[in-house]
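The next block holds one structure in the form of structure tokens; read it before the comments.
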Amino acid sequence: MARDSSKLNGVQKAAILFITLGPEASSAILKKLPEPEIQKITYEIANISSVTSEQRQTILDEFLEMNKARDYIIEGGIEYARTLLSKALGTQRANEILGKVTEATQQYRPFSIARKADAHQLLNVISYEHPQTIALILCYLQPDKAAQVLAELPEDIQSEVAYRIATMSNTSPMVIKEIEKVLESKLSNVVRSEMTALGGVETLVDILNQVDRTTEKNITESLEREDAELADIIKSSMFVFEDIITLDDVSIQRILREVDGKELALALKGCSDEVANTVYRNQSKRAAAALKEDMEFLGPVRLMDVEKAQQKIVSIIRRLDEAQEIIISRGGEDAIIL
């Protein structure tokens, strides 16, 4: 029996929203969420037995209203948003929406000043700081800006900073405030802005995906010497199985020559149509038909087994990339000349 929308919590509403949006759009959003949130939402999705059309529409409308409210706030501030929403939805509903939005957006945002600073100016300010301090500041920057700063640091400092970003978890608020105070005095002419997520493997992966191949290689090789297990996690996180759709056909065909057919069938179970069609397109008609038969023959499979098969293929992709037999597109200098 479907539950009353007003009695659902945020995670349950998110689960219904993803069901409403469909697998392709939902998977693209889910990939960008923190792992704990993904686990909570997917658990709810798995445990929802039924959703009414009215429930879907109510939650979708709430999602659209909150996004519209955020746009209004960015455009003209809280009161401007309140005025526009009140005209459209009434005062009571406008206040309800703004309450939900501002609860999340009016919190203290450390190092917001650094996000508006020029990358080269920021580099000049922090390059002589302790690697832990640099790592902390980079965690609060946009990934592309953090990548610019990281790429310009000396190689020995790059690896030290990268290691500290990946292993960072909790930092004392007092330490953050003290460092921010010093940085603010040095960048006092920069307008305040927003912050980004702090620390961890995901933050480092976002940054490394923006740097050139040489910088990435220097950092990952150094991390392998420092902590081989962490380096493996980071390297595997930098290219996920679904990213195969970003590769050119020649590279995909090269990869498929290395992959066992049964392993490929297992890896494709539960993937989006876009991923599966990308693989089929790069096979002969006979091979594609055989692959589809293998997938049907497998029947229901454990998610753990699917992920294991996908990771084996990702390892092959990484190996071929390192051997320069295929090309994984990156930022910076890693452009392709035809």
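The values are calculated or read from the model by the stated rules, or taken from the named source; none is laboratory data. Keep in mind that this is a model prediction, so the values were computed, not measured. Don't worry about glycine lacking a Cβ; one is built from the backbone with ideal geometry, like all the others, and counts go over all protein chains shown. Side chains are part of the model used for accessible areas, which takes the heavy atoms of the whole protein and leaves out ligands, DNA and RNA. Shrake-Rupley method; radii C 1.70, N 1.55, O 1.52, S 1.80 Å.
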Per DSSP, loop GluC sites (Glu not before Pro) in region 211-288 with at most 16 further Cβ within 10 Å: Glu258
Share of accessible surface on carbon and sulfur in region 239-323, whole %, 1.4 Å probe and ligands ignored, is 52
Which length gain, in nm to one decimal place, applies between Glu96 and Leu33 when the Cα-Cα distance is subtracted from 0.36 nm times their residue separation? 20.2 nm
Just want to confirm a number: the relative contact order over region 219-328, from Cα pairs under 8 angstrom separated by 6+ residues, in percent. 38
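Hey, can you find the accessible area per residue of region 228-294 for me, probe 1.4 Å, expressed in square angstrom?
Result: 52 Å² per residue.
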Can you compute 3J(HN,Hα) from phi for each residue in region 242-257, using the Karplus curve 6.51 cos²θ - 1.76 cosθ + 1.60 with θ = phi - 60°, rounded to whole Hz and x for Gly and Pro? 5, 6, 4, 5, 8, 7, 6, 4, 4, 5, 4, 5, 5, 5, 4, 5
FRET efficiency for Asp305 and Asp227, using Cβ-Cβ distance with R0 set to 35 Å, rounded to 0.05: 0.80
Can you give the extra length, in nm with one decimal, that the chain gains between Tyr128 and Asp273 once fully stretched, where that is 0.36 nm per residue apart less the Cα-Cα distance? 47.3 nm
